[in-house]
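Encoded as structure tokens, the structure appears first; notes follow it.
Nothing in this text is a laboratory measurement; each read-out follows from the coordinates by a stated rule. Computed from a prediction, not measured in an experiment: that's the story for all the values here. All Cβ positions, even for glycine, are placed from backbone atoms using ideal geometry, and neighbour counts span all protein chains on display.
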Amino acid sequence: MIVDGYKPKEVKPISLEELEKYLWGAAVLLRGQIDATSYKEYIFPLVFFKRLCDVYDEAYGEAMILSDGDDDYAQLDAEQRIAVIPLGAHWKDVREQTENIGQALVTALTRIEQANPAVELYGRRIGGLTGIFGPKQIWTNKDNMPDRLIADLLEHFSQLNLSLEACPADEMGTGYEYLVGKFADDAGHTAQEFYTNRTVVTLMAEILQPKVGESIYDPTCGSGGMLIKCLTYVRDKGQEWRSMKVFGQELNALTASIARMNLFLHGVQEYTVINGDTLAEPAFVQNGHLQQFDIVLANPPYSIKQWNRDAFASDKWGRNFLGVPPQGRADYAFFQHILASMKNDTGRCAILFPHGVLFRDEEKEMREKLVALDLVECVIGIGKNLFYNSPMEACIVICRKQKSAERVGKVLFINARDEVTRKNAQSYLEERHIKRIASVYHDFSEIEGFSKTATIREIEENKSKLSVALYVNHDDEEAETVETADCISEWSKTSMDVSKVLNELNQMLAL
């Protein structure tokens, strides 16, 4: 498409503070009109649409100057560098509408997706911009989204130029992550599938130490934060990170779209995020086998009950090599999927789990096989409230296919329960916490009351339990206390889920 003029214009850089205020300002407009848990459905696609058009205009203008006003050349150059923006489907075109604005927006978003099709890979059509704007029917529901409100949102986002010159990819990506965090805070109990505490993710990246050229995979990727954190780890080392290949799968279609937008806005070039059920239909398969990666990291959904256990019992991908988890807890199904997705030489993983996976009796046989295979390298117990909407203590389980010689037959346990800061009702790890935990892991060092190594035989003598308190403090009573607290928290969560279902059923009957 042709934009107005092609002379360079003075662009004012946007500060991060200004960007965050600008992005959150859209949520203020939506308050009172729609539920806070639905903000992301509207705001993320609009931000992405605006960014796409502004960066396209920037590329087009630069190409016009270089080509002495050759419009055909400029369009082709911008399309190859950014994306195809069809005639009539630009942000400016939608902004000019005065009625049926929602339908005009849907038409524009649909045409952009169609003009930037996916490619065939792994037996699926992926990549491109296909489906990236998420569900579009929400824009044509005038009860929730009257023309007036859509016009207000368009005008709000039109206040700033989101070109690369005004807002570099790193800053834009940081702004998007800011929104992800804000929406997670507002979303309450739905937040965990969408957002993992970023300071914990930073710790996981520091432990895994991704390198240039390595592949990175998250089987339950949410909004893509773990993948991005691994890339920024490499970037902060001053190394080329944009061409690194990252892969993710996410069950929720909207969240998968947000992950794709998030990666795009961070300037990532090589990424594949697929919407789908990792347990029922793993997306990344090559030559009849699961694709394997250098790094796998994940925060799997906690103890899901609605999954196809019977299919997993005869899993064609061989992901049941430890056994078949109970119907009420799919944790070890995700665990085995992750282990099967690690390369045999460089493969390593970090998984954020509730403590229950370390000691529950119903998973004892699987845990015994896990310990005997000597795949677990380290277990880190971290503090309370680092899971969203849950006071339970989390743990990070680190596994490696090929341990270094000095670590073979050993597991390092780190008791980092006190390495946490709570402020303004939020719990997080400070840099000093992350540095201490990561350095102890990398040195495989023992510190009285903080870290301790145990041999496979010692762990087997403890019924293959991996509870941190059993080894760091040699305290059966404390380990029992932690296990009991985790079970109580788990029971509480289940009770809340049941209460929610009963309330919804009562509301339906009342109608």
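Points worth noting:
- Here the label points at residue 421 and residue 21, each 7 Å from Cα along the C-beta direction, are separated by 2.4 nm in the simple model.
- Potential lengthening between residue 404 and residue 364 on full extension [0.36 nm per residue; Cα-Cα distance subtracted]: 11.7 nm
- Semi-axis lengths, largest first, of the ellipsoid equivalent to the chain are 43, 25, 22 Å, with √(5λ) applied to each eigenvalue of the Cα gyration tensor.
- Peptides 209-219, 413-423, ordered by how many other C-beta atoms sit within 10 Å of their residues on average, highest first, read 209-219, 413-423.
- A simple charge model with +1 on the Cβ of Lys and Arg, -1 on the Cβ of Asp and Glu and nothing else charged puts the dipole of segment 8-53 at about 160 debye relative to its Cα centre.
- Full extension of the chain between residue 372 and residue 67 gives 103.2 nm of extra length, using 0.36 nm per residue less the Cα-Cα distance.
- Ranking 469, 426, 243 by Cα position along the charge dipole of the chain, where only Lys, Arg, Asp and Glu carry charges on their C-beta atoms, puts 469 farthest toward the positive end.
- Mean-position separation - Cα centroids, segment 260-292 and segment 446-472, in angstrom: 36 Å
- Rh by Kirkwood over Cα pairs, then Stokes-Einstein D for segment 16-167 at 0.890 mPa s and 25 °C, µm²/s: 149 µm²/s
- Signed unit charges on C-beta, dipole axis of the chain, positive-most listed residue 275, 59, 146: 275
- Most positive-pole-ward Cα, 98, 338, 261, against dipole of the chain from beta carbon charges: 338
- Length added when fully stretched, residue 36-residue 308, from 0.36 nm per residue minus Cα-Cα: 94.7 nm
- ³J(HN,Hα), Karplus 6.51/-1.76/1.60, whole Hz, each residue of segment 96-109, x for Gly, Pro: 6, 5, 10, 9, 6, 5, x, 5, 4, 5, 4, 4, 5, 5
- Pairs from 245/316; 410/465; 136/182; 403/452 whose Cα-Cα separation, in the structure shown, is over 19 Å: 245/316; 136/182
- Packing rank of 99-112, 58-71, 11-24, where each peptide gets the mean count of other beta carbons within 10 Å, highest leading: 99-112, 58-71, 11-24
- The charge dipole of segment 217-332, taken about the Cα centre with unit charges on the Cβ atoms of Lys, Arg (+1) and Asp, Glu (-1), comes to about 120 debye, rounded to the nearest 20.
- Percentage relative contact order, segment 16-167, counting C-alpha pairs under 8 Å, at least six apart: 27 percent
- Burial order of peptide ranges 305-312, 452-459, 393-400 (average beta-carbon count within 10 Å, highest first): 393-400, 452-459, 305-312
- Hypothetical label at residue 455: residues of segment 340-369 whose amide nitrogen lies under 20 Å (7 Å Cα-Cβ projection): 368-369
- Within the chain: Cβ-based charge dipole about Cα centre, in debye rounded to nearest 20 (Lys, Arg +1; Asp, Glu -1): 620 debye
- Taking the chain and dividing mean pair separation by its residue count, relative contact order in percent (alpha carbons under 8 Å, at least six apart): 10 percent
- Cα centroid separation, segment 21-58 to segment 301-372 (Å): 38 Å
- Helical mean residue ellipticity (222 nm; -39500 (n - 2.57) per DSSP H run of 4+; nearest 500) of the chain: -14000 deg cm²/dmol
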